[in-house]
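Reviewing the structure listed below.
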Amino acid sequence: MIGQRHGGLLGLCQKILDMTNAHIWFERGESKDRQMVVNRLTRHCSTGNTLPVLIFPEGTCINNTSVMMFKKGSFEIDTVIYPVAIKYDTLFTEAFWNSSEQSFVQ
């Protein structure tokens, strides 16, 4: 899993995930983290016996009305990339979560 590093309860979940497998966490504000992610992805993808990496290049989930521009960092490694997009059926769930109005534990 590749994602932004968090604190609190979500950060604890990330630490638990780290005990199960190798994950790549980064800080969005740290420019050196971008190169670290590229290096680790390149190393991972160049090894033939590793699990595939699933990347959602958009970097976020929005209100299910459009697709945002993909982040270019996902495509900077020298390997085949298959972008993923998921369309949610609102009959079953509402995928949009407004963190300004709703708490993570609500």
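The values are calculated or read from the model by the stated rules, or taken from the named source; none is laboratory data. All of these numbers come straight from a predicted model, not from anything done at the bench. Surface accessibility is based on the protein's heavy atoms, side chains included, excluding ligands, DNA and RNA. Shrake-Rupley method; radii C 1.70, N 1.55, O 1.52, S 1.80 Å.
How much length is gained if the chain between Leu91 and Glu76 is pulled fully straight, taking 0.36 nm per residue apart and subtracting their Cα-Cα distance, in nm to one decimal? It would help to have the intermediate numbers written out before the result.
Values: separation 15, 0.36 × 15 = 5.40 nm, distance 3.67 nm.
The Leu91-Glu76 span can extend by a further 1.7 nm.
Near Lys32, which lysines are there with a Cα under 17 Å away, not counting those fewer than 8 places off in the same chain?
Straight-line reach from Lys32, under 17 Å: Lys71, Lys72.
To the nearest 10 square angstrom, what accessible area does Asp78 show with a 1.4 Å probe?
150
Express in Å², to the nearest 10, the accessible area of Glu27 obtained by rolling a 1.4 Å probe over the protein heavy atoms while all chains stay in place.
80
Calculate I(q)/I(0) for region 1-55 by the Debye formula, one identical point scatterer on each C-alpha and no solvent, and give its log10 at q = 0.13 Å⁻¹ to two decimals.
-0.35
Going by accessible area, probe 1.4 Å, with all protein chains left in place, what is the ranking of Phe92, Phe70, Phe75, Phe26, largest first?
Per-residue accessible area, sorted high to low, gives Phe92, Phe75, Phe70, Phe26.
Among Tyr88, Tyr82, what's the order by accessible area (1.4 angstrom probe), most exposed first?
On the way: Tyr88 85, Tyr82 175 Å².
Greatest to least solvent exposure: Tyr82, Tyr88.
Can you give the accessible area of Glu76 in Å² (nearest 10), computed on protein heavy atoms with a 1.4 Å probe?
90
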